[in-house]
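Here the structure comes first, spelled out in C-alpha cells, and everything after it is commentary.
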Amino acid sequence: MAPRLVKVSDLRPGFRFDKPVYVDDENLFVPQNIEIKQKDIDRLKKWGISHVRTEGKPMKELPSAKKNAFLQQAFSAPDQQEVMQAYSSLAGELQQVFTAIQNKEPVTSVEVDDLVDRLLRLLEERQNEVVELILYGLQGESGFIENALNCSVLATLVGRNLNMVQHKLLQLASGALLHDVGMLRIPASVRNKKGELTPEEVQAIRAHPLYSYRIIAREMKFSEDIAVSALQHQERWDGAGYPRQISGTNIIPAARIIAVVDAFEAMVSKRPYRNSMIGYTAMRTILSDNARRFDPNIIKVFIRTMGIYPMGSIVLLNNACIGRVIDVNNAAPLRPRVKIMIDPDGREYPRDGGEILDLAVDKNLFIARAIDPKELTEKKKES
C-alpha cells in the first residue's frame, strides 16, 4: 500500500493513526497509535513541512478509555480490544469527513460508502461486542462523531429485523450516519448552547434537516432516498415535526427508523443541556410514545431488537447479584442473558470473570431493577 499524504494543516492535537506517520522516507514523526501533540504540529510548521505521510488511517480516542477501571474490565479481552480499535479508526475517519463538510471542502459518496461497508462488516462479525461498546463502553460520553456511528449501527440492526434487502440496508446505514451533517453548518455556539435557545436559534436548529439534505444530495451526490431519510428524520408520526410537518406513512420508512434510533441514542448520551439516561429508562420513554412521535410498528421492532433492558445495561437481580446484560432475548425481552459483575456479598469478579446467567432458562431469577453505572462508581469511592 502506497503511503498517503496528510496535510499538516489538517492535523489536530489528539489525532492518532493506526500505522506510523513519517516526515519523509526515513524520519519518523509519530509511531502508530500515539497521540499527536500541539508541539509536534508546531515543530512541523517551524520546519516548513506541509505534509506528512502514512499508510495508516486516523483513529479517535474513545471516551471509554478514561472511565472507571472496574466498569471497563469487559473491554480488556482481545476481541473487545480489536472492536474498540476498529471503532476508533472508523470514528477518526468520520471526523475527517465531517471536518471537510464543515469547511465546505469536497467529500465524495465513495469515501462514505467505504466507511459504511467497513462498519457493517464489523457489525456482521462482532455484533454483540459492537453494541455493548456503544451502549455500555462509552458510558454516555459519546459526542457528535460517535452519535453518527451509533445511529448507523442501531438503524442497521432494526433494518435487519425488518428483513430489508441489502441495498436498502446500505442506504439506511448511510442515511443514519449522515442524518445530522446539516448541524455542521450551524454555528457551534448555537448547537452546543447549554442554556435556553432563543426563537432565532430554535429556527436555526430546525433548519438542519434541510442542510443535511442539500449536503447529501447536492454536494456528496448520494441517492435521493438517502438524502430524504435525513430530511425527514425530525418529522413526527402525528405530523407535529419539522421541517415540513408531514405525518404517518408520508414519512419514508428509513426516516422513521432513524427517528427512533436517533432519539434513543440521544437519551443514552450526554448533551449540553442534560445528563444521559440509562438504557432501561430510555427504552421506557420510547415505549410511552403512544404514536405521537414514532411509527408504532417501528417501535415494536426496536424493542424486539434491543430488549427492554438493552445490551450493556447494569441490573440488580432478585438474588442481590449485580450484572451486565450481554445478550437480549427476542422472545422474552424481560429475560436477557446476564454476566455477573458483583456477587450477593458485594465481592467483585476480577477481569470480568463472573458467570453468565440465562434468565430465560433460570425462571427463579429476574431483574429487580436497572442500575445507573454512576451508582457503582459512587459506591466504590465510598468503600
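Each reported figure results from applying straightforward, stated rules to the coordinates on display, with no laboratory input. Small disclaimer: the values here were computed from a predicted structure and weren't measured. Neighbour counts are summed over all protein chains in view; Cβ atoms, including those assigned to glycine, are modelled from backbone coordinates with ideal geometry.
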Over the Cα atoms of the stretch 4-56, Rg to Rh with Kirkwood Rh, two decimal places?
0.90
Out of these labelled values of Cα Rg over 2.2 N^0.38 Å, (i) 0.97; (ii) 1.03; (iii) 1.13, which was calculated from the coordinates shown here?
(ii)
What residues qualify as long-range amide H neighbours of I371, i.e. H under 5 Å apart, gap of 5 or more or another chain, H built at 1.01 Å from N?
I314, V315, L316
With the charge dipole of the stretch 4-56 built from beta-carbon charges (+1 for Lys and Arg, -1 for Asp and Glu) about the Cα centre, the Cα from S9, Q32, T54 projecting farthest to the positive end belongs to S9
Using alpha carbons only, what's the Rg to Rh ratio of the stretch 236-278 with Rh from Kirkwood?
1.08
Computed about the Cα centre, the charge dipole of the stretch 314-382 from +1 Lys/Arg and -1 Asp/Glu charges at the Cβ has a magnitude in debye, to the nearest 20, of 120 debye
With θ set to phi - 60°, apply the Karplus curve 6.51 cos²θ - 1.76 cosθ + 1.60 along the stretch 352-368 and write out the HN-Hα couplings as whole Hz, x wherever there is a Gly or Pro.
6, x, x, 6, 9, 10, 9, 5, 6, 9, 8, 6, 7, 9, 8, 7, 7
What FRET efficiency comes out for D238 versus D362 if R0 is 45 angstrom and r is the Cβ-Cβ distance? Round to the nearest 0.05.
0.60
Whose amide H sits under 5 Å from the amide H of F29, counting only residues 5 or more places off or on another chain, with H placed in the peptide plane?
V21, Y22, V23
Amide proton proximity set for Y309, modelled H, under 5 Å, gap of 5+
none
Could the peptides 33-42, 323-332 be put in order, highest first, of the mean number of other beta-carbon atoms found within 10 Å of their residues?
323-332, 33-42
Phi-based couplings in Hz for the stretch 313-325 (Karplus 6.51, -1.76, 1.60; Gly and Pro marked x)
5, 9, 9, 9, 8, 5, 9, 6, 6, 10, x, 10, 5
Measuring from its Cα centre, the chain shows a charge dipole (+1 at each Lys and Arg Cβ, -1 at each Asp and Glu Cβ) which, in debye to the nearest 20, is 860 debye
Over the stretch 121-188, consider all pairs of different Cα atoms and compute the Kirkwood hydrodynamic radius from their mean reciprocal separation; express it in Å, one decimal.
12.8 Å
Could you give the longest part of the chain that holds none of the chymotrypsin sites (Phe, Trp or Tyr not before Pro) found in DSSP loops with at most 12 neighbouring Cβ atoms within 10 Å?
48-272
Across the stretch 127-132, in residue order, what do the Karplus-derived ³J(HN,Hα) couplings come to in whole Hz, using 6.51 cos²θ - 1.76 cosθ + 1.60 with θ = phi - 60° and x for Gly and Pro?
4, 4, 5, 5, 5, 5
In whole Å, how far is the Cα centre of the stretch 133-160 from that of the stretch 201-256?
20 Å
Where Rh is the Kirkwood radius over Cα pairs, Rg/Rh for the stretch 314-382:
0.97
